[in-house]
Each structure stands twice: as C-alpha cells, then as structure tokens.
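Heads up, the thing below is written out as structure tokens.
The values are calculated or read from the model by the stated rules, or taken from the named source; none is laboratory data. These figures come from a predicted structure and were not determined experimentally. When we count neighbours, we look across all protein chains shown, and the Cβ atoms used for this are built from the backbone with ideal geometry, even at glycine.
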C-alpha cells in the first residue's frame with residue numbers, strides 16, 4: 001500500500017511587501033536584497049489572517065482538487081511555529097472551519113521542515129491502515145516575529161499556507177521519507193516563547209552565515225542519502241522542490257549536486273521564506289501551472305530551526 005497526493009492548495013495574503021517597500025523601512029536596497037537572497041516580493045499577513053484561517057483556505061482548495069467530501073478526512077496535521085493559540089491547535093481550528101465532524105487533529109513544530117515531518121507522519125498512518133484520507137498543511141506567519149530593525153531577517157520572511165490531501169493507493173506515491181534533527185545547533189536559529197516576566201516581546205534570532213553553511217552541507221548529504229536508499233540516480237528525479245529559504249542557497253546546492261536549475265521549482269523570489277508553507281506552496285503552484293504532471297518523480301527537501309532537516313521522495 002502507498003500514500004498518494006490527490007489534491008493541493010495554497011493561500012497567500014493580499015498584502016505584498018516589495019524590496020522598494022523595505023527600502024523605506026530599513027537601510028537596504030533592492031539590489032542588495034536580490035543579490036543576497038533572490039527575493040523580490042513577499043506576502044504579509046494582516047490582522048484578519050491567522051495560521052488557521054490561511055490553512056483553512058489552502059485546505060479547501062486542496063479538497064476541491066481532490067474531489068472528496070470534507071468529512072472523509074480522518075486526520076489533519078498542521079505544521080507551524082506561529083499559531084495564534086497554544087490550544088486549541090491550529091489543526092483543530094481548521095477542522096472546525098471546514099465543518100469536519102471528527103478527525104485526528106494536531107500541530108507539529110519542526111520549523112521549515114514541518115511540512116516534510118507532517119507528510120511522513122500521515123504516510124505512516126495511511127500505510128498502516130489507520131486512516132483513509134489525511135490533510136497535511138504548512139502555515140506560518142513569521143513576519144510578525146521579526147525585529148523591524150533586523151536588516152538580515154526582515155528581508156527574508158513572508159507569510160502563507162499550503163496544503164495537500166493524501167489517500168491510500170495501490171500505485172506508488174510517497175516512496176521514502178528521511179527525517180533528521182540535531183538540537184546542538186538550536187541557538188543559531190531560534191524563536192523563544194513570550195516571557196511573562198518580561199515586557200520584551202521575543203523575536204526570531206538567526207546567525208545567518210552559520211545557518212547558511214550548515215544548511216547547504218546537510219541538504220547535500222540528505223539528497224545523497226535519499227538517492228542511495230532508493231538506489232536511483234539524481235537524473236531520475238523529474239523535479240526538485242526545496243524549502244524556499246534563499247535563492248543563493250538553492251543555487252549553491254544545485255551546483256554541488258550537479259542539478260540543473262531548470263529542474264528546480266523556485267518561488268522564493270515571489271514569496272520569500274514562508275517556513276513550513278514554502279514546499280506545499282511551491283508544489284501547488286507547479287501543479288496548477290502545468291510544470292509538474294502525473295507520474296513525475298519529485299524530491300522534496302527542507303532544512304529548518306532545531307536544526308531539523310528531511311526529504312520526501314514521491315511519485316505524483
């Protein structure tokens with residue numbers, strides 16, 4: 001038995017923050033941002049956008065594409081590190097928003113790798129016959145966690161949500177999952193919870209250069225591991241969908257692994273780093289614009305705070 005993706009969906013806030021807009025906020029320039037990150041615009045949540053509201057919109061589109069009744073969903077997993085509530089979870093809020101009467105529902109926090117972790121969990125539940133249909137959602141609003149004076153971080157992050165519907169299948173879908181984490185690096189990329197004894201609002205902290213170098217090495221090792229386990233060549237992959245953190249990082253990885261940029265789905269230039277939402281957002285866009293087609297072999301790979309990193313090899 002396999003787990004198959006049968007629907008994808010996404011949501012992006014209406015507010016768009018361009019590099020020219022950032023020039024008015026901090027000491028930066030459009031040229032500097034594009035050279036360093038490849039990002040031109042990013043979507044920014046307004047007061048009406050929450051992790052659950054964005055996730056619900058993305059999930060509805062995925063369910064419509066899948067062509068199934070909402071109440072057939074047995075499991076909802078939301079990957080996020082910016083939920084509006086500790087409880088109810090964003091997954092439970094999404095369940096309520098979609099009028100789903102009963103489903104296993106919970107959030108997971110693995111930062112930018114969260115969607116990969118969520119797919120792996122849902123895959124195991126489906127393969128073991130515990131659920132028939134699952135919703136896996138990546139949704140984050142990290143723009144609100146950035147110190148406005150942090151020139152390095154504010155240019156990177158945008159907001160959004162992406163979702164997929166999964167079901168059991170007799171034909172190959174998810175072929176393998178590879179997950180990793182190492183808390184030794186936690187201090188290099190962190191977002192503390194609110195300290196009730198302090199009036200200081202916690203913000204995202206990132207040691208950019210160190211994260212950049214470690215991420216490249218881990219992703220290169222991860223791709224080689226995935227190929228080795230599945231006994232395939234890198235040329236067998238039709239499309240690579242990396243976490244959309246930084247175009248310079250993606251380009252460096254493609255050169256070291258000898259992957260043609262034409263085979264890599266890129267959305268970071270328009271969306272920025274949307275954390276757990278970046279891979280499902282890119283996947284949905286590439287399916288809807290006709291780039292990715294049925295039976296294509298995809299490699300999804302991500303790296304995030306924790307540090308966490310992971311990959312999913314799947315056939316659409």
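For the stretch 61-83, the count of residues that are more than 16 Å from the chain's Cα centre (by Cα) and under 22 Å from residue 243 (Cα atoms) is at least one.
One residue is enough: does the stretch 67-89 have a residue meeting the conditions buried (at least 20 other Cβ atoms within 10 Å of the Cβ), assigned to a helix (DSSP H, G or I) and touching a strand residue (DSSP E or B) at 6+ places or on another chain (Cβ under 7 Å)? Looking for residues that are buried (at least 20 other Cβ atoms within 10 Å of the Cβ), assigned to a helix (DSSP H, G or I) and touching a strand residue (DSSP E or B) at 6+ places or on another chain (Cβ under 7 Å), one finds none in the stretch 67-89, hence no.
Given the condition in a loop (DSSP other than H, G, I, E, B) and either at pLDDT 95 or above or touching a strand residue (DSSP E or B) at 6+ places or on another chain (Cβ under 7 Å) (or both), answer yes or no: does some residue in the stretch 215-225 qualify? Checking the stretch 215-225: not a single residue is in a loop (DSSP other than H, G, I, E, B) and either at pLDDT 95 or above or touching a strand residue (DSSP E or B) at 6+ places or on another chain (Cβ under 7 Å) (or both).
From the list 238, 269, 258, 296, the one residue that fits, being more than 27 Å from residue 18 (Cα to Cα), surrounded by fewer than 16 Cβ atoms within 10 Å (Cβ to Cβ), touching a helix residue (DSSP H, G or I) at 6+ places or on another chain (Cβ under 9 Å) and touching a residue at least 24 places away in the same chain (Cβ under 8 Å), is 258.
Residue-by-condition table, conditions (1) surrounded by fewer than 22 Cβ atoms within 10 Å (Cβ to Cβ); (2) touching a helix residue (DSSP H, G or I) at 6+ places or on another chain (Cβ under 9 Å); (3) modelled with pLDDT of 95 or more:
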| site | (1), (2), (3) |
| --- | --- |
| 93 | no, yes, yes |
| 97 | yes, yes, yes |
| 102 | yes, yes, no |
| 112 | no, yes, yes |
| 116 | no, yes, yes |
| 129 | yes, no, yes |
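Of all residues in the stretch 14-45, those satisfying the criterion of being closer than 30 Å to residue 91 by Cα and surrounded by fewer than 22 Cβ atoms within 10 Å (Cβ to Cβ) are 14, 15, 16, 17, 41, 44.
A search for C-beta distances below 8 Å between a residue of the stretch 46-73 that is farther than 11 Å from residue 94 by Cα and any residue that is surrounded by fewer than 24 Cβ atoms within 10 Å (Cβ to Cβ) and modelled with pLDDT under 95, counting only pairs 6+ apart in sequence or on different chains, returns 71/101.
What do you reckon, is residue 38 more than 26 Å from residue 151 (Cβ to Cβ) and touching a residue at least 40 places away in the same chain (Cβ under 8 Å)? Criteria not met by residue 38. For the stretch 87-102, residues that are free of Cβ contacts under 8 Å to residues at least 12 places away in the same chain and within 20 Å of the chain's Cα centre (by Cα) total 0. Scanning the stretch 274-287 for residues that are surrounded by fewer than 24 Cβ atoms within 10 Å (Cβ to Cβ) and either closer than 18 Å to residue 55 by Cβ or within 10 Å of the chain's Cα centre (by Cα) (or both) yields one hit, 285. Being outside any helix (DSSP H, G or I) and either out of contact with any helix residue (DSSP H, G or I) (no Cβ under 8 Å at 6 or more places or on another chain) or free of Cβ contacts under 8 Å to residues at least 40 places away in the same chain (or both) is a property that residue 124 lacks.
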